[in-house]
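S.K.: Sharing a structure below in structure tokens format, with a few things to ask.
The values are calculated or read from the model by the stated rules, or taken from the named source; none is laboratory data. Everything numeric in this text was worked out from a predicted model, so none of it was measured. Neighbour counts are summed over all protein chains in view; Cβ atoms, including those assigned to glycine, are modelled from backbone coordinates with ideal geometry.
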Amino acid sequence: MNLPKTARLGLLAISMALGFAGAQAQSDDKVLNLYSARHYQTDEALYANFTKATGIRINRIDSDDAGVLTRLKNEGASSPADVVLLVDAARLVKAEQEGLFQPVKSATLESRIPAALRGTDAGKGAAWFGFSTRARVVVYNKATVKKEDVDTYAELGDPKNKGRVCTRSGSHPYNLSLFGSMVERMGAEKTEAWLKGVVDNMARAPKGGDTDQIKAVASGECQVGVTNSYYLARLMRSDKAEDRAVMEKVAVVFPDQQGAGTHVNVAGGAVAAHAKNRDAAVRFLEYLAGDEAQGYFANGNNEWPVARGVKLGNPALDALGDFKQESVPIAAIGANQAKVQQMLDRVGYK
């Protein structure tokens, strides 16, 4: 059939437009928009390896947990986020409750990630998945402190440790989750009294990060500190003389081994509620549950992998050894955070 020139040009334009749209859709499938609260330089290898294996390029926006969640809420349905990575269990629970994630049904994730480290599953899949864990441990000065005086969290608030304790901000997510766990263990009234005791025992006002607390203990600025386990492991593996000198002066204890066990937090990920590249997002989560990525969490960032059957190749984690973990439900820890913040305000824990 012979069409007029104008009709032929019109069909050509439509064809080109459809071709462009198809190419754009194909291009979009090769991009993953990641909102991440993981601020570890060593994670760059994770992202690079995923892109190399899949051809999917990662666009990343970094912030802390609170910043990521605020951005997601403000953007609403127009958010470009496909995957969200957070480093605190309570924040994962909060984001789930606020509808910022969508459920994922994946045989790979369900077989690799223990049920206790997944979000709610109402039959459509879990809202989020944990990919690594770390313990909230006590570090103390070997020259001035006896292990038996700091081998429980409760002893951080005991008068025998007056003037010895240093921590980062009480409102930091790592501490809020620990304190939320203590509410489940001790009840609200006793937890607030304990927090008041911790404040009374401080050698100086809360400041810095966890590594700063370790160094303060080593220098004698304080005698007892609280830190996530991977900060210790980093110093243990460091080739810097000053880091080795710090570790020679301190020791670590996993609190409450004769009681409820040591508090463990989780870093995890989810598919954003309005993800435009859902298939790529699920593929990325499945990649994080695989042996390569799980081994990297352990050997690259000194976190414990959560997938079944992954072997450690990390001498620092091996040196820290096995320990009894608490069994407080993650959802309960998250639910206690607002209550804990009010306690911190009342007792003057900055």
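S.K.: Quick test of your reading of the structure: Val93 fulfils all but one of (1) among the β-branched types (Val, Ile, Thr); (2) part of a helix (DSSP H, G or I); (3) surrounded by fewer than 14 Cβ atoms within 10 Å (Cβ to Cβ). Name the failing condition by number.
M.R.: Condition not satisfied by Val93: (3).
S.K.: Right, next: Looking at (1) in a helix (DSSP H, G or I); (2) surrounded by fewer than 22 Cβ atoms within 10 Å (Cβ to Cβ); (3) among the hydroxyl-bearing types (Ser, Thr, Tyr), find the lone condition where Thr152 falls short.
M.R.: Answer for Thr152: the failing condition is (1).
S.K.: Same structure, new question: Can you tell which of Lys73, Lys124, Lys146 is in the same structural domain as Ala216 (by TED's automatic domain parsing) and either over 24 Å from Lys190 (Cα atoms) or surrounded by fewer than 16 Cβ atoms within 10 Å (Cβ to Cβ) (or both)?
M.R.: Lys146
S.K.: Can you confirm whether region 291-298 contains a residue that is more than 29 Å from Leu109 (Cα to Cα), in a helix (DSSP H, G or I) and small (Gly, Ala, Ser)?
M.R.: Within region 291-298, not a single residue is more than 29 Å from Leu109 (Cα to Cα), in a helix (DSSP H, G or I) and small (Gly, Ala, Ser).
S.K.: Now for a separate question. Might you let me know whether region 157-175 holds any residue that is of a type in the set (A, V, I, L, M, F, W, C), within 30 Å of Ala95 (Cβ to Cβ), in the same structural domain as Gln257 (by TED's automatic domain parsing) and under 24 Å from the mean Cα position of the chain (by Cα)?
M.R.: No; the residues of region 157-175 include none that is of a type in the set (A, V, I, L, M, F, W, C), within 30 Å of Ala95 (Cβ to Cβ), in the same structural domain as Gln257 (by TED's automatic domain parsing) and under 24 Å from the mean Cα position of the chain (by Cα).
S.K.: OK, next. Would you pick out the residues in region 267-315 that are under 21 Å from Asp82 (Cβ atoms) and of a type in the set (Val, Ile, Thr)?
M.R.: Selection gives Val271, Val282.
S.K.: If I go through region 196-224 residue by residue, how many of them are of a type in the set (D, E, K, R), over 26 Å from the mean Cα position of the chain (by Cα) and not in a helix (DSSP H, G or I)?
M.R.: 2
S.K.: Answer yes or no as to whether Leu312 is touching a residue at least 40 places away in the same chain (Cβ under 8 Å) and over 22 Å from Thr152 (Cα atoms).
M.R.: So Leu312 fails the test.
S.K.: Could you check, for region 179-198, whether at least one of its residues is in the same structural domain as Val253 (by TED's automatic domain parsing), within 16 Å of Val347 (Cα to Cα), in contact with an Asp or Glu (Cβ under 7 Å, 6 or more places away or on another chain) and not aromatic (Phe, Trp, Tyr)?
M.R.: So far as region 179-198 goes, yes, one or more of its residues are in the same structural domain as Val253 (by TED's automatic domain parsing), within 16 Å of Val347 (Cα to Cα), in contact with an Asp or Glu (Cβ under 7 Å, 6 or more places away or on another chain) and not aromatic (Phe, Trp, Tyr).
S.K.: If you don't mind, there's one more thing I want to ask. So which residues in region 317-332 are over 13 Å from Trp304 (Cβ atoms) and either modelled with pLDDT of 90 or more or basic (Lys, Arg) (or both), if there are any at all?
M.R.: Passing the criteria: Ala319, Lys324, Glu326, Ser327, Val328.
S.K.: Look through region 225-258, keep the residues that are assigned to a helix (DSSP H, G or I) and of a type in the set (A, V, I, L, M), and return whichever of them is farthest from Arg136 (Cα to Cα).
M.R.: Step by step, filter region 225-258, then rank; the result is Ala241.
S.K.: Inside region 182-195, can you point out the residues that are part of a helix (DSSP H, G or I), of a type outside the set (Phe, Trp, Tyr) and within 27 Å of the chain's Cα centre (by Cα)?
M.R.: Met182, Val183, Glu184, Arg185, Met186, Ala188, Thr191, Glu192, Leu195 - these are the residues of region 182-195 that are part of a helix (DSSP H, G or I), of a type outside the set (Phe, Trp, Tyr) and within 27 Å of the chain's Cα centre (by Cα).
Conditions (1) surrounded by 14 or more Cβ atoms within 10 Å (Cβ to Cβ); (2) modelled with pLDDT of 95 or more; (3) not assigned by TED's automatic domain parsing to the domain that holds Ser169, marked per residue:
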position	(1), (2), (3)
Glu248	no, yes, no
Val253	yes, yes, no
Gly259	yes, yes, no
His274	yes, yes, yes
Ala281	yes, yes, yes
Gln294	yes, no, yes
Pro305	yes, no, yes
Gln337	yes, no, no
